[in-house]
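Notes for the one structure printed next.
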Amino acid sequence: MSSSSVASSSVVNPVVSSSIVLPLYGNVYPVGYYYVQVNIGQPSRPYFLDPDTGSDLTWLQCDAPCVRCTRAPHPFYKPNNDLVPCKDPLCAALHHADYKCESPEQCDYQVDYADGGSSLGVLLNDLFTFNMTSGARIKPHLALGCGYDQLPGQSYHPLDGVLGLGKGKASIVSQLHNKGLVRNVVGHCLSGKGGGFLFFGDEVYDSSRIVWTPMAHDHMKHYSTGSGELIFGGKGTGLKNLFVVFDSGSSFSYLNAHTYQGFISLLKKELNGKPLRETKDDYTLPLCWKGRRPFKTINDVKKYFKHFALSFTNGWKSKAQFEIPPESYLIISSKGSVCLGVLNGTEAGLQNVNLIGDISMQDKMVIYDNERQTIGWSPANCDRPPKSSSMIM
């Protein structure tokens, strides 16, 4: 079957038994982010994108011409003239209900990110090229943003754009699902050694081996498990009712100010009498400790730190625990200090949100099942992307 006939027949006969798996590159430190290569356009060209479960819109830095663009690994995307009209439901999904169409033939957008970054541009359709686990190659027409005015935020990554993996209609997984190509499931496996993989569809894991918890329905925009409790060293901390969001677009994890202070005091109490002292001359992250000699790997220090976890009453019979071992919340800096990869979210402008970022999702498969409205996770080997329908766990 040619790719075009797969794409066109797929709506009639959904190919939902197949998935798309894409390799990830990068790491939490020292690179500071993970990224994925996506091939877009005709002819197809490669672009490095930030896979972001915290937003819906996929956009590329775009030579429309570009008013303000940041440094990128590839030449800016050259737009075609296949504009998404303003009345299209995908356009409506990116705007408030009272949005007025100033130019009916096109859909203007602006996305603002929590770190202060933004992208302004126009929505258009283009061909994306994906290889399915079934062996088929598909080239669906999907909507993406031609971003001609970008402002970098505090956590700026020098990439070609963003791959929006959120819950909304405009996200890539929603668009692929609406064309009958994959189940409305997105997941990732970030390796602590760097790299990993991203997937669309539900074919690369065994559902019975995953810890599942329902998505919170009162937070439609984000992948949230609703209310959680902080567990430290296997014991409850009394830090409860934490609004928790999973966000692959954030390298580090964040706790709101009150929870952060509680967490830090538990951590410091635990480190009392251990051969570590706080250091003020390492600016890698806000809180770092030195040993008697520089540390080389997390293995040198993890014995001094306890596991912590976020526990969710999953509305079912038991509690679902998202375990975070020391290697999923600490980094070894270039100066050989050990630094805390959990930051004060209130100071970072996240208000009351507690955010599970890349550092804490390493060496786990994390799955966002938009059909069953659940989020799941399980320890996994993220070093090798799965081939076809073989499970990796």
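The values are calculated or read from the model by the stated rules, or taken from the named source; none is laboratory data. Keep in mind it's a predicted model, so treat the numbers as computed, not measured. Note that each Cβ is placed from the backbone with ideal geometry, even for glycine, and that neighbours are counted across all protein chains shown. Protein only, heavy atoms only, side chains kept; ligands, DNA and RNA dropped before computing areas. Shrake-Rupley method; radii C 1.70, N 1.55, O 1.52, S 1.80 Å.
Assorted remarks:
- Convex hull volume of the C-alpha atoms in the stretch 121-219, normalised per residue: 176 Å³.
- More than 20 Å apart - percent of Cα-Cα pairs taken over the stretch 207-385: 53
- Put simply, the stretch 20-200 fits an ellipsoid with semi-axes of 24, 20, 16 Å; these come from the alpha carbon gyration tensor as the roots of five times its eigenvalues, largest first.
- Cut-off 13 Å between beta-carbons: net charge of the residues surrounding TYR35, Lys and Arg +1, Asp and Glu -1: -4
- The equivalent ellipsoid that matches the C-alpha gyration tensor of the stretch 232-296 spans semi-axes of 25, 18, 10 angstrom, in descending order.
- Taking 21 Å as the limit for the C-alpha separation, the pairs LYS280/LYS335; LYS193/LYS364; LYS269/LYS306; LYS240/LYS274 exceed it in the case of LYS240/LYS274.
- Environment charge at LEU127 (Cβ cut-off 11 Å; Lys +1, Arg +1, Asp -1, Glu -1): 0
- Listed by chain and number, the lysines placed with their C-alpha closer than 17 angstrom to that of LYS221 are LYS167, LYS169; residues fewer than eight positions away on the same chain are left out.
- For the stretch 78-222, with all protein chains in place and a probe radius of 1.4 Å, 52% of the accessible heavy-atom surface sits on carbon or sulfur.
- 5 angstrom amide H check on THR237, placed H, neighbours 5+ away: LEU230, PHE232
- For the chain, taking a cut-off of 4.7 Å between Cβ atoms, no cysteine is left unpaired.
- Accessible surface, the chain, averaged per residue in Å² (probe 1.4 Å): 45
- Karplus-derived 3J(HN,Hα), 6.51/-1.76/1.60, for each residue of the stretch 329-344, Hz, glycine and proline x: 9, 10, 10, 9, 7, 5, 8, x, 8, 9, 10, 8, x, 10, 10, 7
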